[in-house]
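The values are calculated or read from the model by the stated rules, or taken from the named source; none is laboratory data. Please read these numbers as outputs of a predicted model, since none were measured by experiment. Please note: Cβ atoms are built from the backbone with ideal geometry, for glycine as well, and neighbour counts cover all protein chains shown. These accessible areas exclude ligands, DNA and RNA; they are computed on the full protein's heavy atoms, side chains included. Shrake-Rupley method; radii C 1.70, N 1.55, O 1.52, S 1.80 Å.
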Amino acid sequence: MLVRSTTALSFDVLGPVRGHYRGRAIELGPARQSALLGVMLTRPNMALSSDELLHWVWGDQVPKSTHKVIPTYIYRLRQALQMAGDEAVIERVRNGYALRIEADAVDAARFARATESMNATRMMSSDDQYGHVASVLEMWRGEPFEGLPGPALASERAKLHEMRLTLLMRRAGLDIVSGNHAAAVLDLLDLQERNPMHEQVACLLMTALYQSGRQAESLAVYSKIRLRLLHELGSEPGRALVTTHRAVLTGDQDALDRICGCPMTAAPGKTVTEVPVHTPRCDLPGEAGLLLGRDFELAALAGAIRAGRGSRQVIAVDGMPGIGKTAFALRLARMVATDYPDGQLYVDLRGHSTQQPPLSTSDALWSLLASVGVPPARPIGDVEQAAALLRATIADRRLLILLDDVIGTDQILPLLPGGAASAVLAVSRNKLLALPATRTLSLYPLEQQDSRALLGSHIGPERLAADEEGVTQLVQACAGHPLALALVGARLRHRPMISASTLARHLVSAPDGFLGLRAESASLLANLEPSLSRLDAEAHKVLGACAVADRLSATRNVLASRLDMGVGAVEASLDQLVDRNLLMQVGTDQFRLHPVVAGCVRALLPSANSP
């Protein structure tokens, strides 16, 4: 590949412009005259009109004597080039001028050709490639067309700087491949300082730092450029940078080996590793039951999510067992799904499952990673690394993630996306006090009218009208508890000989009236027991005492006196029960159990029946 000129005449523009003929310097004249020659050197053998030359050299500052200035400079340049004879001739052509020279006479032309044909060197050894890159870089003497004015040369400078950057990245990639990581880091730090938003420079710097055993610094490079891109451009990093970040996190040496050379140094038949192709998916399960009486809350949250587009949304929904949290969250997710076109993901954290243990944070991370296309071939034991991989993979996607049956904030904090385009719906029986939520909602029992409509959806309007008094008693007994209403409705629908009045009396009078409600595997016992099993002994005692009070409110002092406990211990138990949505605080110092929960607790806890 040609680097040095083979002609007797040569022009160097990769620095101050200068010309030579057989070793003798050519006097090129003042700045504007040299700029005129510079423009013609960038367009050898092309016809250029006087108007084009005026614009490219003077821009918007065209001199008044336009009809004289170009001919005058052309005359002077012809005089300066006389020593070159036929090797450099400025010809007068129709409507303009043309500089007739060999293209190889200009160092910038040789520099550009050597840069553009760099892929032809990839079959060479690394040492030969390095030597070739070094010889091309030696042509660079400083700022191209130094000190010369005009928009044309400003544009050429930018192009030449970009070519030089390509060569410097190539050299750094070769340094990394050869194990000269320290030199690569030094060069790339300098390049990054001058090109702070160049993602390929950041990719190479991250790789060089990682290969030097400096993983934390490598990840810091990603964080820094990502924040800069977000703040200054409002965009997330591109695929190449996200891929590099993931490779550093996972220690994917094969991917790093391919990335470090940048695309033009990849081995034959290999390409830079890419993030898996993403196909939008919807994992949301179907709604299991009828949702009534939540229109206001749904509209408010959906409006808040849409109003917050462009920033990360974290919505926490909590409520007592059986209040309909999952049904509510699924309806909400479907209402805003079109605002998240890259997918709607669902993970059941199994916080209160009676069939399986809670899902670990690590397993939840890999479930989400699989959903977004990350293969499980290279497992990561460290939760932080897996969380960082998830954030990097979905950084530029608009996803809606529904996390159901959450135990607490610690379980899901690593699952939260880092990007500003996604939303998370976190559903829990417990109040997620430490979650960085943008909105929170606690679901409360249904109003009587909605309770009646929910019961009617199960038993039908005819039966609803046939026993108005019994239906009213059932609605009052269930006190707006959706699961209790659904179980009552299922019992009446499939047992037509049982009247609503009879069932209402049984629920209120029988010690285990509510516990007997069951629809196959669904029951109030199965729903409530996981929450009760996580309470400590003192909380059990306080809960049992509140159950005895039933529809009356209990106070701290009354509970402390009855249970022979300190007020501080009672207060701690009350806080625990309220935060777990097993107990309602209805006044400054007034606490009450929901009637359905109270009935179940009296049947389940010995402390509720002890004197």
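Across the stretch 409-452, what is the total count of residues that are more than 24 Å from Leu483 (Cβ to Cβ) and in a strand (DSSP E or B)?
3
If only one of Val596, Val542, Val570 is at pLDDT 90 or above, closer than 25 Å to Leu487 by Cα and open to solvent by less than 40 Å² (accessible area, probe 1.4 Å), which one is it?
Answer to the check: Val596.
Step by step: first the residues of the stretch 309-351, then only those that are assigned to a strand (DSSP E or B) and small (Gly, Ala, Ser), then the one that is surrounded by the fewest Cβ atoms within 10 Å (Cβ to Cβ). Which residue is that?
Ranking the qualifying residues of the stretch 309-351, first place goes to Gly319.
Taking the condition of being free of Cβ contacts under 8 Å to residues at least 40 places away in the same chain and surrounded by fewer than 16 Cβ atoms within 10 Å (Cβ to Cβ), how many residues in the stretch 545-557 meet it?
1
Being at pLDDT 85 or above and either part of a loop (DSSP other than H, G, I, E, B) or among the aromatic types (Phe, Trp, Tyr) (or both) is the filter here, so list the residues in the stretch 507-539 that pass it.
Glu520, Arg534, Leu535, Asp536
To keep it simple, each residue is scored yes or no on (1) touching a residue at least 40 places away in the same chain (Cβ under 8 Å); (2) farther than 21 Å from Leu290 by Cα; (3) touching a Leu at 6+ places or on another chain (Cβ under 6 Å).
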| residue | (1), (2), (3) |
| --- | --- |
| Val317 | yes, no, yes |
| Gly324 | yes, no, no |
| His352 | yes, yes, no |
| Gln356 | no, yes, no |
| Ser371 | yes, yes, yes |
| Glu384 | no, yes, no |
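Within the stretch 431-448, is there a residue that is open to solvent by less than 10 Å² (accessible area, probe 1.4 Å), under 23 Å from the mean Cα position of the chain (by Cα) and farther than 18 Å from Asp363 by Cα?
No, there is no match, as no residue in the stretch 431-448 is open to solvent by less than 10 Å² (accessible area, probe 1.4 Å), under 23 Å from the mean Cα position of the chain (by Cα) and farther than 18 Å from Asp363 by Cα.
Run Ala510 past the list (1) over 16 Å from Arg602 (Cα atoms); (2) surrounded by fewer than 17 Cβ atoms within 10 Å (Cβ to Cβ); (3) among the aliphatic types (A, V, I, L, M) and report the number of the one that doesn't hold.
(1)
Whether any residue in the stretch 574-589 is buried (at least 21 other Cβ atoms within 10 Å of the Cβ), at negative phi, part of a helix (DSSP H, G or I) and at pLDDT below 90 is what I want to check.
Among the residues of the stretch 574-589, not one is buried (at least 21 other Cβ atoms within 10 Å of the Cβ), at negative phi, part of a helix (DSSP H, G or I) and at pLDDT below 90, which makes the answer no.
Which residue out of Gly308, Gly322, Gly289, Gly293 is at pLDDT below 95 and either under 22 Å from the mean Cα position of the chain (by Cα) or within 23 Å of Pro414 (Cα to Cα) (or both)?
When all the criteria are applied, what remains is Gly308.
Among residues belonging to the stretch 11-36 that are aliphatic (A, V, I, L, M) and in contact (Cβ under 8 Å) with a residue 60 or more places away in the chain, point out the one that is farthest from Trp140 (Cα to Cα).
Going through the qualifying residues, I end up with Ala31.
For the stretch 297-304, indicate whether the set of residues that are of a type in the set (D, E, K, R) and not in a helix (DSSP H, G or I) is non-empty.
Checked against the condition, which is being of a type in the set (D, E, K, R) and not in a helix (DSSP H, G or I), the stretch 297-304 yields no hits at all.
Enumerate the pairs (first residue in the stretch 479-506 and modelled with pLDDT under 90; second residue anywhere and assigned to a helix (DSSP H, G or I) and surrounded by fewer than 16 Cβ atoms within 10 Å (Cβ to Cβ)) with beta-carbon separation below 7 Å, excluding pairs fewer than 6 apart on the same chain, so at least 6 apart or on different chains.
Going by the 7 Å Cβ cut-off, the qualifying pairs are Ser501/Glu469.
With respect to Leu291, determine if the residue is without any contact (Cβ under 8 Å) to a residue 60 or more places away in the chain and not charged (D, E, K, R).
Yes.
Is it the case that Ile459 is surrounded by 18 or more Cβ atoms within 10 Å (Cβ to Cβ), at pLDDT 95 or above and touching a Leu at 6+ places or on another chain (Cβ under 6 Å)?
Judged against the criteria, Ile459 is not a match.
Filter the stretch 78-132 down to residues that are in contact with a helix residue (DSSP H, G or I) (Cβ under 9 Å, 6 or more places away or on another chain), modelled with pLDDT under 80 and among the small types (Gly, Ala, Ser) and give me whichever is least open to solvent (accessible area, probe 1.4 Å).
Filtering the stretch 78-132 for residues that are in contact with a helix residue (DSSP H, G or I) (Cβ under 9 Å, 6 or more places away or on another chain), modelled with pLDDT under 80 and among the small types (Gly, Ala, Ser), the one least open to solvent (accessible area, probe 1.4 Å) comes out as Ala88.
Kindly indicate the residue of the stretch 394-408 that is under 29 Å from Met584 (Cα atoms) and part of a loop (DSSP other than H, G, I, E, B) and also farthest from the chain's Cα centre (by Cα) among those meeting that condition.
Ile407
Is it the case, given these coordinates, that Arg141 is touching a residue at least 12 places away in the same chain (Cβ under 8 Å) and under 20 Å from Cys203 (Cα atoms)?
The answer is no for Arg141.
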